[in-house]
Amino acid sequence: MVTHIGDRESDLFEEFATIPNKNNHLLVRACQDRRLLGQSQSLFNYLSQQPCEGTYIINVPADSRRKRMPREALLIVRCGRVEIQRPDKLSVFGYPPSVTLFAVEALEVQPPTGQEPIHWRLLTTHEVVCLEQALRVIKWYGWRWKIEQLFATIKKAGLNIEATQLESSIAIQRLTILALSVAVRTLQMVEGRDNTQLSAQLTFCLEQQQCLSGIQSSVEGDTKKLQNPYPRGCLPWATWIIARLGGWSGYTSGRPPGMPTLVHGLRQFESIFLGWKLALGGLVYTR
């Protein structure tokens, strides 16, 4: 079974009417306040009038583009079965007069003054009739952002694979696989840069960790603020060193290192690691 997850540009009646079957489901963020079959109220009004199934708490990261401050947000969850009416312009194309979907709404309660509340409206072909099922599809939709971060790392924001001059499709496929391995490592560091419970072994082998230990003093400063604050061997400890190699200031009062900085740091580290292995005589080349 495959669930196709999309953002608001995927809110298309045509998809709901053609894609779903026993092996394929849809989960998209609603963009349009659609008409409901046999009802005078629209989708958004209908959802807002449904009883609250429960609440849950999420950690909202900062977003400078949206002027969003980091916070812990309390969201109420509503859900219901809906019959979406076919748009008039599609009546000549043979689409059914309506499609049956399940709608989920997650709305932040009492956001900070001046902050726009978190507000998700989701449409899915998965059955959602209780809080547990609603939270499951919300979690699935949240994974879409991690996938977008992964591809952003591969593209111009990180590895810039689109600028490759390779022409062979096989060569491009191989390059993409290599790029994905780097992108996954980068995303692991971004996601786990403050979680000291994660081991550096998640992203770096033992030899790489030994190399990181050897170069740590060279990226630290003279003041306490520029010392690696994390326990040796955890993922944040390794990420801090990689970020410094990538040009990060090291001051926790500033912005944390992002994907471009960590990608650049990984490039620097791989060169250092290659030289480190050559110096130890542990690198053997074969034809």
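The values are calculated or read from the model by the stated rules, or taken from the named source; none is laboratory data. All of these numbers come straight from a predicted model, not from anything done at the bench. Note: ideal-geometry Cβ built from the backbone for every residue, glycine included; neighbour counts use all protein chains shown. Just the protein is used for accessible areas: all its heavy atoms, side chains included, with ligands, DNA and RNA removed. Shrake-Rupley method; radii C 1.70, N 1.55, O 1.52, S 1.80 Å.
Once the whole set of protein chains is in place, how much accessible area is left on Tyr230, using a 1.4 Å probe, in Å² to the nearest 10?
Roll a 1.4 Å probe over it and Tyr230 shows about 60 Å².
Could you compute how fast region 25-126 diffuses translationally, taking Rh as the Kirkwood radius over C-alpha pairs and applying Stokes-Einstein at 25 °C with viscosity 0.890 mPa s? Give it in µm² per second.
The estimated diffusion coefficient comes to 160 µm²/s.
Using the crude model of +1 on Lys and Arg Cβ and -1 on Asp and Glu Cβ, and no other charge, please compute the dipole size for region 211-287 relative to its Cα centre, in debye to 20.
My answer is approximately 80 debye.
Please go through region 1-60 and write out the GluC sites (Glu not before Pro) that DSSP classes as loop and that have at most 16 other C-beta atoms within 10 Å.
none
Where nothing but the Cβ of Lys and Arg (+1) and of Asp and Glu (-1) is charged, how large is the charge dipole of region 1-157 around its Cα centre, in debye to the nearest 20?
So the dipole magnitude of region 1-157 works out to roughly 440 debye.
Give me, ordered by chain and number, the residues 5 or more places off Cys234 or on other chains with an amide H under 5 Å from its own placed amide H.
Here the answer is Ala200, since their amide H atoms fall under 5 Å of that of Cys234.
Excluding residues fewer than 8 places away in the same chain, name every one of the lysines whose C-alpha is closer than 25 Å to that of Lys22.
Lys139
Over region 1-100, what is the relative contact order in percent, taking alpha-carbon pairs closer than 8 angstrom and at least six residues apart?
With pairs under 8 Å counted, the relative contact order is 23 percent.
In terms of modelled amide H atoms, which long-range or inter-chain residues lie less than 5 Å from the amide H of His4?
His25, Leu26, Leu27
So what is the relative contact order of region 195-251, in percent, for Cα pairs below 8 Å that sit 6 or more residues apart?
So the answer I get is 44 percent.
How do Leu266, Leu206, Leu135 stack up against each other in accessible area, from largest to smallest, with a 1.4 angstrom probe?
Accessible-area ranking of Leu266, Leu206, Leu135, largest first: Leu206, Leu135, Leu266.
Which of the trypsin sites (Lys or Arg not before Pro) found in region 36-102 are in a DSSP loop and have at most 15 neighbouring Cβ atoms, other than their own, within 10 Å?
Arg65, Arg66, Lys67
Quick query: amide H of Gln41 versus all other amide H atoms, modeled in the peptide plane; which residues come in under 5 Å with a sequence gap of 5 or more or a different chain?
Counting only residues 5 or more places away or on other chains, the set is empty.
³J(HN,Hα) across region 116-133 via Karplus (A = 6.51, B = -1.76, C = 1.60, θ = phi - 60°), whole Hz, x for Gly/Pro?
Working through the residues one at a time gives 6, x, 5, 8, 10, 10, 10, 10, 8, 8, 6, 5, 9, 10, 8, 4, 4, 5 Hz.
Restricting attention to region 161-242, which chymotrypsin sites (Phe, Trp or Tyr not before Pro) occupy a DSSP loop and are surrounded by at most 14 other Cβ atoms within 10 Å?
Passing both the DSSP loop test and the Cβ count: no residue.
Give me the Debye-computed log₁₀ of I(q)/I(0) at q = 0.17 Å⁻¹ for region 129-218, equal point scatterers on Cα only, no solvent, two decimals.
-0.92
Taking θ = phi - 60°, what integer Hz values does the Karplus form 6.51 cos²θ - 1.76 cosθ + 1.60 yield along region 243-259, in sequence order, with x for Gly and Pro?
Calculated HN-Hα couplings, in order: 4, 5, 5, x, x, 5, 5, x, 8, 5, 6, x, 5, x, x, x, 4 Hz.
From the backbone phi of region 88-96, what are the Karplus-calculated ³J(HN,Hα) couplings (6.51 cos²θ - 1.76 cosθ + 1.60, θ = phi - 60°) in whole Hz, Gly and Pro given as x?
4, 5, 9, 5, 8, 9, x, 6, x
From Cα pairs below 8 angstrom and at least 6 apart in sequence, can you work out the relative contact order of the chain, rounded to a whole percent?
12 percent
Using a 1.4 angstrom probe on the protein heavy atoms only, line up Asp33, Asp88 by accessible area, largest first.
I get Asp88, Asp33, largest accessible area first.
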